[in-house]
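Comments concern the structure below.
The values are calculated or read from the model by the stated rules, or taken from the named source; none is laboratory data. This structure is a prediction, so every number in the text was calculated from the model and none was measured. Don't worry about glycine lacking a Cβ; one is built from the backbone with ideal geometry, like all the others, and counts go over all protein chains shown.
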Amino acid sequence: MDPSQVLDLNQTSTASFDAGYSILMVVVALALVFLNGFFVLSEFSIVKVRRSKLEEMVKEKKAGAKKALEVTSRLDTYLSACQLGITLSSLALGWIGEPAIAKMLEIPLINLGFSTVIIHTIAFIIAFSIITLLHVVLGELVPKSIAIAVADKAVLFIARPLHWFWILFLPCIKIFDFLAAISLKLFGIKPAKESELTHSEEEIKIIASESQKGGVLDEFETEIIRNAVDFSDTVAKEIMTPRKDMICLNKQKSYEENMQIICEYKHTRFPYIDGSKDTIL
């Protein structure tokens, strides 16, 4: 066999191997995009879902509800697991995805006769743009929107796999949390626990107002919430009626006179006296 033919066969075989390897790496990159999306879905769903809803689903014996309730009961450590998963999958995606796509793009660019520098530059820009687009859309925005829209269903889906990941990386999670706490102490900041975050009175009023605008609450329900929040700031004298201003029904008055008082003032209740306000029956 002609040596040149052997060389051509070797080059063809090498090119086929490179193309096959690049395709495999692209598939791995897509898997990493969806893995990143899984952790984003997990993070938003365990924060968004209501504990009361999960407790209701546990009573209904829905599959995965018990594990989901367990995950949300330890919110801080599972959020750390989500952050670790997002970081690992994002780093792996950048390491594998961009070179794999760039390698596939270089093959047709070589046939166009571009120089090596131009080929690498064009391939890098296109590959980086594709990976960024996939990462932001499929790995971030779509799972976040799903988690917000159907948090109760999403948390049932992610609870068990997230728990397995948490068990596998628990030592790393504890180390990272410990180092983060030390770093915060250096700046004189007390580490905050997501599970302890609460809304202030003003925030509750704002939430109620926004819910009314969104059609979730009507005006009457919103007013009840506002009054309930303000109730603790109310002192007795603000709601008490001075004795001299009390509107009373009098035993010593006729039925018609008492009915006239009821129709005029339209209270639901009246003190009932016997002649004097000092004698309430």
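Overview of values
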read-out	value
Hey, I273 assigned to a strand (DSSP E or B) and modelled with pLDDT of 75 or more or not	yes
Looking only at the range 183-202, and only at residues there that are of a type in the set (A, V, I, L, M, F, W, C) and surrounded by fewer than 10 Cβ atoms within 10 Å (Cβ to Cβ), the one that is modelled with the lowest pLDDT	L197
Residue check for I189: without any contact (Cβ under 8 Å) to a residue 40 or more places away in the chain, more than 14 Å from the chain's Cα centre (by Cα) and assigned to a loop (DSSP other than H, G, I, E, B)	yes
Some residue of the range 25-35 being under 18 Å from the mean Cα position of the chain (by Cα), farther than 30 Å from A102 by Cα and of a type outside the set (F, W, Y)	no
Some residue of the range 80-87 being over 30 Å from A65 (Cβ atoms), out of contact with any Ser or Thr (no Cβ under 8 Å at 6 or more places or on another chain), small (G, A, S) and in contact (Cβ under 8 Å) with a residue 60 or more places away in the chain	no
Out of K59, K153, K66, sole residue that is basic (K, R), surrounded by fewer than 17 Cβ atoms within 10 Å (Cβ to Cβ), closer than 26 Å to P171 by Cα and in the same structural domain as V28 (by TED's automatic domain parsing)	K66
